[in-house]
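Everything on this sheet refers to the single structure shown next.
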Amino acid sequence: MKVEPLLYGDRKVYTVSAFNHGVASWVAKLPSLWIEGEVTEFRRQPGWQSVFFTLKDPQDGACLPVSMPRGRFDGLRLDLTDGMTVHVLGRPEVYEARGVFRLRALSIEPLGLGAILAGLERLKRKLAAEGLFAPERKRPLPVLPRRIGLLTGNEAAAKRDFVTAVQGRFPAANLLVAQTYVQGQAAPAAIATTLEALAREPCVDVIVLTRGGGSFEDLLPFSDERVVRAVAGSSVPIVSAVGHEQDTPLCDHAADVRASTPTAAARFVVPDERELRERLDTARAALARSAATTVERARSSLVRDWERLSRAPALLVERKRAGLEGLAGRLQALSPKNTLARGYAIVRMDNGIVRSSAELAVGKRVEVELAEGSFDGRVEETRP
Amino acid sequence: MTDALSFEDARRELEQIVAKLESGQASLEEAVALWERGELLYRTCVGRLDAAHGKIEELGKRVDEARP
């Protein structure tokens with residue numbers, strides 16, 4: 001059908017119906033495409049010719065209305081529910097009566113395991129590139145948390161395992177337990193919100209994220225982007241203990257510590273009380289020992305000082321005595337006795353020492369002093 | 001004097017004091033002061049352990065189950 005405008009002078013004007021029809025026939029030339037999105041607002045009524053739902057982009061919430069003829073939909077035998085991620089093969093169309101753009105679905109396929117894994121791998125690479133898993137982001141856990149936040153599902157096992165292990169190691173531990181949905185479509189948002197709520201509680205120094213073992217699909221909420229971001233962005237350090245040893249949901253990479261099981265998580269968040277007391281006692285013993293060593297060292301250095309001090313006067317006398325002996329030696333060297341010992345003699349007359357024969361006269365008495373003893377004599381002859 | 005300290009900080013300080021004393025670099029006055037401080041920290045830590053009573057609360061419900 002050709003779309004004819006009305007003419008108002010030079011202006012071409014289209015009716016709504018003509019415009020919608022024109023756009024619709026142009027859009028109808030676009031090819032069929034596969035589109036990935038999350039199913040929301042799924043509507044199916046017995047009287048309706050078609051089923052309707054909205055495909056949502058989980059990244060930014062962009063929406064696309066989808067319709068599918070009811071017969072074709074029922075033929076797929078799909079149990080389509082809100083939140084399911086699907087691939088839809090469809091052709092864009094304009095619903096002319098309402099001027100609404102939508103996708104006319106020809107086929108719908110729920111995402112298979114391979115596609116889910118590929119999606120997870122993409123998400124993992126993206127978050128890793130943002131640095132959410134970087135080792136330098138990991139924070140140390142407190143030695144003794146004032147309070148431990150525990151996020152768990154309403155299944156008893158994981159919670160019981162964790163609580164039993166915590167109380168076995170450290171009976172005085174304080175726990176704040178938050179139960180929430182850990183499975184199903186509501187889980188990612190519920191987990192993210194509950195994590196934030198726990199972190200806001202006073203004195204919560206560490207949060208443990210637990211969930212017992214389950215199928216790959218059961219654990220998917222713990223790989224949801226919202227949960228991973230909430231874990232990475234938490235103001236309180238987080239220990240992830242989801243599933244069993246072999247499971248590594250993406251939240252494990254974002255958590256500060258990954259524990260293989262809830263029981264293992266308990267070992268990370270509380271110390272063993274007996275061990276802790278032993279370590280404290282060891283520190284105290286070392287403290288006393290080292291203090292005593294320091295005092296002992298100070299005491300012996302004091303004793304050494306005192307001994308040196310008390311030796312000092314004797315040392316002084318000794319030194320003086322040595323000085324004195326030197327002096328005596330030098331005095332001895334100057335004494336005439338040594339000269340006499342070598343065979344010289346001193347001649348005295350009238351108490352004066354005779355140095356020249358001119359001082360003598362024949363018949364005068366002289367006293368001669370030898371090295372040993374002395375004698376008197378009379379001068380018999382003088383020679384100049 | 002140690003009331004405001006967390007258990008963790010008290011224990012860390014105690015270990016630092018022990019390390020300092022063991023290095024033998026402290027003077028006598030310092031050593032005595034460090035030993036007194038260390039003893040106080042030790043008693044603080046042990047006191048905290050002795051005084052603590054475990055509690056399990058539910059977020060949302062807040063049913064306190066104080067345990068001996």
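The values are calculated or read from the model by the stated rules, or taken from the named source; none is laboratory data. What you are looking at is a predicted structure, and each value in this text was computed from that prediction instead of being measured. We place every Cβ from the backbone using ideal geometry, glycine too, and count neighbours over all the protein chains shown. Surface accessibility is based on the protein's heavy atoms, side chains included, excluding ligands, DNA and RNA. Shrake-Rupley method; radii C 1.70, N 1.55, O 1.52, S 1.80 Å.
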Return the pairs, sorted by first residue and then second, in which the second residue is assigned to a helix (DSSP H, G or I) and at pLDDT 85 or above, the first residue lies in segment B:27-45 and is more than 12 Å from A:Leu287 (Cβ to Cβ) and more than 7 Å from chain A (Cβ to nearest Cβ), the beta carbons are less than 6 Å apart, and the residues are 6+ apart or on different chains. B:Thr44/B:Ala10
Residue list for segment B:1-60, filter: over 17 Å from A:Leu276 (Cα atoms) and assigned to a loop (DSSP other than H, G, I, E, B): B:Met1, B:Thr2, B:Asp3, B:Ala4, B:Leu5, B:Gly24, B:Gln25, B:Ala26, B:Ser27, B:Leu59, B:Gly60
Which members of segment A:129-175 meet the condition of being polar (S, T, N, Q) and either open to solvent by 60 Å² or more (accessible area, probe 1.4 Å) or out of contact with any Phe, Trp or Tyr (no Cβ under 8 Å at 6 or more places or on another chain) (or both)? A:Asn154, A:Thr164, A:Gln167, A:Asn174
Within segment B:10-26, work out how many residues are more than 8 Å from chain A (Cβ to nearest Cβ) and surrounded by fewer than 13 Cβ atoms within 10 Å (Cβ to Cβ). 3
Taking A:Val269, is it open to solvent by less than 70 Å² (accessible area, probe 1.4 Å), touching a helix residue (DSSP H, G or I) at 6+ places or on another chain (Cβ under 6 Å), touching a residue at least 60 places away in the same chain (Cβ under 8 Å) and within 14 Å of chain B (Cβ to nearest Cβ)? no
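Residue-wise test of (1) farther than 15 Å from A:Arg102 by Cβ; (2) under 45 Å from the mean Cα position of the chain (by Cα).
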{"position": "A:Gly37", "(1), (2)": "no, yes"}
{"position": "A:Phe52", "(1), (2)": "no, no"}
{"position": "A:Ala62", "(1), (2)": "no, yes"}
{"position": "A:Ser67", "(1), (2)": "no, no"}
{"position": "A:Gly71", "(1), (2)": "yes, no"}
{"position": "A:Leu76", "(1), (2)": "yes, no"}
{"position": "A:Val86", "(1), (2)": "yes, yes"}
Condition (residue is part of a helix (DSSP H, G or I) and more than 24 Å from A:Ala118 (Cβ to Cβ)) applied to segment A:55-71: is it met by at least one residue? yes
Restricting to segment A:107-128, and then to whatever is touching a residue at least 12 places away in the same chain (Cβ under 8 Å) and of a type in the set (D, E, K, R), can you tell me which residue is farthest from A:Asp82 (Cα to Cα)? A:Lys124
Can you find a residue that is open to solvent by 50 Å² or more (accessible area, probe 1.4 Å), touching a Pro at 6+ places or on another chain (Cβ under 8 Å) and among the hydroxyl-bearing types (Ser, Thr, Tyr) anywhere in segment A:9-26? yes
